[in-house]
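Read through the structure below, which is laid out as C-alpha cells, and then see the notes.
The values are calculated or read from the model by the stated rules, or taken from the named source; none is laboratory data. None of these values were measured; they are calculated from a predicted model. Every residue, glycine as well, gets a Cβ built from its backbone with ideal geometry; the counts of neighbours run over all protein chains shown. The protein model used for the area step is the full one, side chains on, heavy atoms only, and it has no ligands, DNA or RNA in it. Shrake-Rupley method; radii C 1.70, N 1.55, O 1.52, S 1.80 Å.
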Amino acid sequence: MINSLARTADDARLASLRDALHTVIDPEIGLDIVTLGLVYDVSVEGGTACVTHTLTTPGCPMERVITQGIREAAALVAGVERVETRLVWDPVWHPGMVAPGALG
C-alpha cells in the first residue's frame, strides 16, 4: 500500500513537471521546448527532477537561456528540491520532431 501511494505521488509530480516544461519558450522560435520536441526524458526520484533535452543545433546561442528556464520551471514543482539537466545530441533534433500543427 505504501509503495502505491508513493508511486501515485511521483506520477503526479512527473505530470506537474511535464506541464511546467511547457512554460519554457525557445526565444528564437517562440514555441515551448516540449512542443518543439527538445525534451527527450523527464524523471523524478525522491526530490530530484532530471530533464534530458537537446537543442535545435549544436552551439545554439540560447543554450543557457533554455537550460536555465528548465531549471527554474522544474524548481517550481511541489516536491522538487533539486533539478538536474542533461543536454544530449543523440538523437539529433530535426523539424519533424515538432508537434504536428505547431508551426502553422
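Remarks
- Across the stretch 41-56, not a single residue is classified as touching a residue at least 40 places away in the same chain (Cβ under 8 Å) and surrounded by 11 or more Cβ atoms within 10 Å (Cβ to Cβ).
- Hits in the stretch 57-85 (condition: under 12 Å from Leu38 (Cβ atoms) and open to solvent by 60 Å² or more (accessible area, probe 1.4 Å)): Thr57
- Residues that are farther than 14 Å from Thr23 by Cβ and of a type outside the set (Ser, Thr, Tyr) within the stretch 67-79 comprise Ala78, Gly79, listed in sequence order.
- In the stretch 7-40, residue surrounded by the fewest Cβ atoms within 10 Å (Cβ to Cβ) [restricted to those that are assigned to a strand (DSSP E or B) and in contact with a helix residue (DSSP H, G or I) (Cβ under 9 Å, 6 or more places away or on another chain)]: Ile25
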